[in-house]
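Structure, as structure tokens:
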Amino acid sequence: MKLATLRVDDSTRAVRLDGDRLVDLGAADLGELLSRDDWAAEAAAVDAGTATTYPVESADFAPVVPRPSKVVCVGLNYKNHIQEMGRDLPQYPTLFAKFADCLIGAADDIARPDETAEFDWEVELAVVIGKPVRRAEGAEAEAAIAGFTVLNDVTCRDWQFRTREWLQGKIWDSSTPVGPYLVTPDELPGGVRPELDVTLSVDGEIMQHDNTGDLLFDPVALVEYVSTIVRLNPGDIIATGTPGGVGHARTPKRYLTGGERVVTEIQGIGRLENTVAKDGAA
């Protein structure tokens, strides 16, 4: 299935893609739907012939999970990106966090802060959690993965590298597109360890292109590792890291200055199409 959170009037609805229609699933958003024990069966059972539906063509997608209890991000997880940043392959994942206020929808404007001169892009495969887990191993970690979505970990590099801790470069308000769909593992080659092409372009120029098969720590390993530290709840997101091609690693360096069109796409999942706002209002 492909699931999403759709903005409808002044609220949101959890929906399932069915051809050129989005079928209402009877929940306010995917976070609410995923909190139900039998969410997958419920979502699959909704009859598109009798339920409320909405056209895909005019869809206004909210963040795929608007208010996750946590967004855990992984740095330096593609082997080629680790090498371009001049680092050794790590023994353990590098983790940092984002907050719900960072997240925006698949077509929303990215708020570029006035306070940064080094605004950068990062295409990422994101894991969405479908059941509560703590210290999950093996099959339990696999079963906790509801599906995958697309995330662009837009980063203020000058703030990121002010200190040895990255958090302050990663948590700017309204900076992180995520969506449009949560795609269940059965839809993807490789299932819970998908091997998918990831691409990011800026104004039509390809900046990043790789395959998730290059991940050093795969999605299941990340669920195991993160859930050892903290419980993972339905709707929580793990961003699995970005491949090579970020602006900060280029010669000369390239950054988003405002007005650019950034397209972030993952094979079989979908694409984010966002304009970088010039006014830095958020």
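The values are calculated or read from the model by the stated rules, or taken from the named source; none is laboratory data. Every value quoted in this text rests on a predicted model; they were computed, and no experiment measured them. As a convention, Cβ positions derive from the backbone with ideal geometry for all residues, glycine included, and neighbour counts pool all protein chains shown. Keep in mind that these areas ignore ligands, DNA and RNA; they rest on the heavy atoms of the full protein, side chains included. Shrake-Rupley method; radii C 1.70, N 1.55, O 1.52, S 1.80 Å.
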- How big is the equivalent ellipsoid of the range 213-266 along its three axes, where each semi-axis is √(5λ) from the Cα gyration tensor, reported in whole Å from largest to smallest? 30, 15, 11
- Hey, can you find the accessible area per residue of the chain for me, probe 1.4 Å, expressed in square angstrom? 42 Å²
- Whole-number Å³ per residue for the convex hull built on Cα positions in the range 117-217: 147 Å³
- Across the range 22-29, in residue order, what do the Karplus-derived ³J(HN,Hα) couplings come to in whole Hz, using 6.51 cos²θ - 1.76 cosθ + 1.60 with θ = phi - 60° and x for Gly and Pro? 10, 9, 5, 9, x, 9, 5, 6
- For the range 72-164 the GluC sites (Glu not before Pro) that pass both the DSSP coil test and the at-most-13 other-Cβ-within-10 Å test are Glu115, Glu137
- Where in the range 225-241 is the amide nitrogen less than 12 Å from a point lying 7 Å along the Cα-to-Cβ axis of Ala100? 235-236
- Query: Relative contact order for the range 108-187 using alpha-carbon pairs under 8 Å, separation at least 6, rounded to a whole percent?
  - Reply: 35 percent
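Where the eigenvalues come from the Cα gyration tensor of the range 141-280, what are the semi-axes √(5λ) of the equivalent ellipsoid, largest first, in whole Å?
Square roots of five times the eigenvalues give 26, 19, 14 Å.
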- The Kirkwood hydrodynamic radius of the range 33-100, taken as the inverse of the mean 1/r over all distinct Cα pairs, in Å, comes to 16.4 Å
- Task: Would you mind classifying the range 1-57 by shape? Square roots of the alpha carbon gyration tensor eigenvalues, ordered a ≥ b ≥ c; an a/c under 1.5 is rounded, otherwise it is prolate if a/b is larger than b/c and oblate if not.
- Result: oblate
- Message: Relative contact order for the chain: what percent, with Cα pairs under 8 Å and sequence separation of 6 or more?
- Response: 25 percent
- Item | Rounded, prolate or oblate (a/c below 1.5 giving rounded, otherwise prolate when a/b exceeds b/c) for the range 86-162 by Cα gyration tensor | oblate
- Rh (Kirkwood; distinct C-alpha pairs) - the chain, Å: 18.7 Å
- Message: Under the rule a/c < 1.5 gives rounded, and otherwise a/b versus b/c splits prolate from oblate, where does the range 1-160 land using the Cα gyration tensor?
- Response: oblate
- Note on the structure: Of the accessible area of the chain, computed with a 1.4 Å probe and all protein chains kept, carbon and sulfur make up a percent value of 46 percent
- Provide Leu125, Leu216, Leu76 ordered by accessible surface of protein heavy atoms (probe 1.4 Å), highest first. Leu216, Leu76, Leu125
- Task: Could you check which residue among Ile206, Ile266, Ile129 shows the biggest mean-square fluctuation in a GNM of the chain with a 10 Å Cα cutoff?
- Result: Ile206
- Query: Between Asn80 and Thr52, what is the spin-label point distance in nm, taking each point 7 Å from the Cα along the Cα→C-beta axis?
  - Reply: 4.5 nm
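Among Lys79/Lys170; Lys79/Lys278; Lys2/Lys98; Lys253/Lys278; Lys79/Lys131, which pairs are too far apart, with a Cα-Cα distance over 27 Å?
Lys79/Lys278; Lys79/Lys131
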- Query: List the GluC sites (Glu not before Pro) in the range 153-241 that DSSP assigns to loop (not H, G, I, E or B) and whose Cβ has at most 16 other Cβ atoms within 10 Å. Which are they?
  - Reply: Glu165, Glu195
